[in-house]
Amino acid sequence: MKVSVFALGRTGLPLSLICADRGFDVTGVDINEELVREIKSGKLPFYEPGMKELLDRHLGKKFIPTTKITEDVKNSEYFVIAIGTKFSRYPERGSLTNLYTVVDKLIEIGVKDKTLIFRVTLPIGTTDKIKEKIEETGLTEGKDFFLAFVPERLMEGKAIEEEKNLPKVIGCYNDKSFEKVKKFFEKIGGEIVRASNPKVAEAVKLVDNSWRNMRFAFANEIAFLSDANGLNAIEILKAANKGYERNDIPMPGPVSGYCLGKDPYLLETAFDKVIVRGFNSVWFEARRANDWLCKKIVEEVKGEKVLVAGLSFKQDIDDFRNSHSIDIIELLLSEDFTVIVSDPYMDKTVYTKLPPHIEKNVQKMSYKDALGKADTVIIATAHKEYKNVDVKELAKAIKRGTKIIDLWNIYEGKIEDFKDINYVGFGRGDLR
């Protein structure tokens with residue numbers, strides 16, 4: 001069975017390799033020539049446990065990466081579209097230009113008798129518009145072609161494992177399309193969950209991430225409250241959770257990333273008709289609260305030189321997209337601070353390159369080298385490299401009078417008593 005996967009990013013590449021491992025003949029299509037060249041050479045454009053083994057096993061055999069629409073693509077039974085959508089903050093609408101470019105290309109090469117599976121994050125109702133666009137060519141969905149939206153809900157760092165095991169929510173218009181998509185995902189793995197239509201499945205993805213964003217925002221609001229009132233949010237939340245099953249409140253910290261950073265805003269575009277009541281949704285305000293943390297932290301900075309330690313949105317992950325660290329850096333640069341950046345994953349993959357407007361205005365250094373130059377150190381991501389450092393050596397490396405703003409409290413109880421170091425942690429009650 002032939003499958004073509006469009007876009008070999010953090011969704012498309014793991015899925016392509018799992019499909020190959022399940023016996024499909026897979027063509028992976030991406031317009032990024034450098035990316036495809038790297039994959040063809042046997043190198044991964046990002047790290048996921050278990051993915052290199054699959055690439056080594058199937059590259060050039062069951063999996064062929066390409067930038068072109070080959071005969072294998074045209075002859076595929078399944079088209080899986082995994083192209084990302086542009087980030088935007090409500091009320092701005094994200095651009096779907098790249099997505100519709102792919103749709104136009106599929107219409108051009110022919111979708112008759114094909115099954116189209118969309119595994120992207122979309123505003124609610126987008127699959128309906130795609131269906132209408134294709135049907136304008138004279139084809140009928142469910143008869144001439146088959147369409148589904150199946151949300152991708154993978155956690156970076158566990159993509160291979162979760163793609164094989166997570167439930168697949170399949171949103172189709174009719175039984176015939178559902179059976180074709182079900183046949184595909186039964187080979188991939190995970191329980192099959194049928195949604196009554198694609199709109200429901202589109203909402204599932206946005207609701208998932210908006211709910212998680214709200215949980216973290218609640219913890220951060222308690223941290224803001226604690227800092228304003230001289231309380232320790234970590235103590236409060238641990239005590240509130242202890243032995244009390246009805247509570248599962250997370251610890252505070254920055255909330256960002258490619259999905260959590262944008263999906264609440266995407267969901268808000270479907271809430272427009274409710275906003276006539278005079279106020280936005282709770283998930284929208286939660287996202288705004290999480291975004292506000294960056295401004296709050298910049299207000300805490302002292303001196304002229306600032307080290308932002310950790311640029312990934314999440315610890316030990318090679319992905320700078322929509323990271324809170326990038327927002328913090330942009331704010332620092334706008335206020336004319338000298339900014340030093342450090343991250344163990346910097347420039348190692350296509351996902352860990354700084355945007356050009358930041359790249360040319362910051363200094364890159366190793367963590368230990370940068371410690372001796374900064375007036376303020378912001379621990380923005382709790383990478384193992386920072387957690388595992390010998391705090392006594394760290395204290396020796398930092399110059400006297402340095403302020404450490406620890407957004408993850410990784411040095412709590414370890415460094416605050418060192419002389420000549422002003423150590424504060426988010427939510428401990430010692431931020432202004």
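One table, with the values for the structure above:
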| quantity | calculated |
| --- | --- |
| Tally, over the range 317-352, of residues that are β-branched (Val, Ile, Thr), in contact (Cβ under 8 Å) with a residue 40 or more places away in the chain and closer than 19 Å to Lys373 by Cα | 1 |
| Members of the range 31-54 that are surrounded by 18 or more Cβ atoms within 10 Å (Cβ to Cβ) and either touching a strand residue (DSSP E or B) at 6+ places or on another chain (Cβ under 7 Å) or not assigned by TED's automatic domain parsing to the domain that holds Val103 (or both) | Val36, Ile39 |
| Condition check for Pro65: outside any strand (DSSP E or B), assigned by TED's automatic domain parsing to the domain that holds Leu106 and more than 30 Å from Ile124 (Cβ to Cβ) | no |
| Strands (runs of 3 or more DSSP E) contained in the range 329-432 and holding at least 1 residues within 20 Å of Pro254 (Cα to Cα) and touching a helix residue (DSSP H, G or I) at 6+ places or on another chain (Cβ under 7 Å) | 338-342, 376-379, 402-406 |
| Selection within the range 94-121 - among the polar types (S, T, N, Q) and without any contact (Cβ under 8 Å) to a residue 24 or more places away in the chain | Ser95, Thr97, Asn98, Thr101 |
| Which listed residue, of Arg93, Arg57, Arg10, is modelled with pLDDT under 95 and either surrounded by fewer than 20 Cβ atoms within 10 Å (Cβ to Cβ) or in a loop (DSSP other than H, G, I, E, B) (or both) | Arg93 |
| Condition met for Ser210 (among the hydroxyl-bearing types (Ser, Thr, Tyr) and either assigned to a loop (DSSP other than H, G, I, E, B) or within 19 Å of the chain's Cα centre (by Cα) (or both)) | yes |
| Boolean, Lys112 is farther than 20 Å from Phe185 by Cβ and part of a loop (DSSP other than H, G, I, E, B) | yes |
| Pairs where the first residue, in the range 397-424, is assigned by TED's automatic domain parsing to the domain that holds Val308 and closer than 20 Å to Lys384 by Cα and the second is of a type in the set (S, T, N, Q) and surrounded by 19 or more Cβ atoms within 10 Å (Cβ to Cβ), C-beta under 9 Å, 6+ apart | Ile404/Thr376; Ile405/Thr376; Leu407/Thr381; Trp408/Thr381 |
| Contacts under 8 angstrom Cβ, first residue in the range 163-178 being at positive phi and not assigned by TED's automatic domain parsing to the domain that holds Arg119, partner of a type in the set (S, T, N, Q) and exposed (fewer than 14 other Cβ atoms within 10 Å of the Cβ), 6 or more apart | none |
| Single condition Arg287 does not satisfy, out of (1) surrounded by fewer than 21 Cβ atoms within 10 Å (Cβ to Cβ); (2) on the phi < 0 side of the Ramachandran plot | (1) |
| Top-ranked residue of the range 96-109 - restricted to ones that are of a type in the set (A, V, I, L, M, F, W, C) and not in a loop (DSSP other than H, G, I, E, B), ranked as farthest from the chain's Cα centre (by Cα) | Ile109 |
| Residue match in the range 14-28 (condition: outside any strand (DSSP E or B) and more than 17 Å from Glu163 (Cβ to Cβ)) | no |
| Condition met for Asn232 (over 21 Å from the mean Cα position of the chain (by Cα), within 16 Å of Trp408 (Cα to Cα), polar (S, T, N, Q) and not assigned by TED's automatic domain parsing to the domain that holds Tyr90) | yes |
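Quick grid of which residues meet (1) surrounded by 23 or more Cβ atoms within 10 Å (Cβ to Cβ); (2) assigned by TED's automatic domain parsing to the domain that holds Glu38; (3) more than 24 Å from Glu92 (Cβ to Cβ):
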{"site": "Pro264", "(1), (2), (3)": "yes, no, no"}
{"site": "Leu267", "(1), (2), (3)": "yes, no, no"}
{"site": "Val274", "(1), (2), (3)": "no, no, no"}
{"site": "Val301", "(1), (2), (3)": "no, no, yes"}
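The values are calculated or read from the model by the stated rules, or taken from the named source; none is laboratory data. Computed from a predicted structure; not experimentally measured. Positions of Cβ are backbone-derived with ideal geometry, glycine not excepted, and every protein chain shown enters the neighbour counts.
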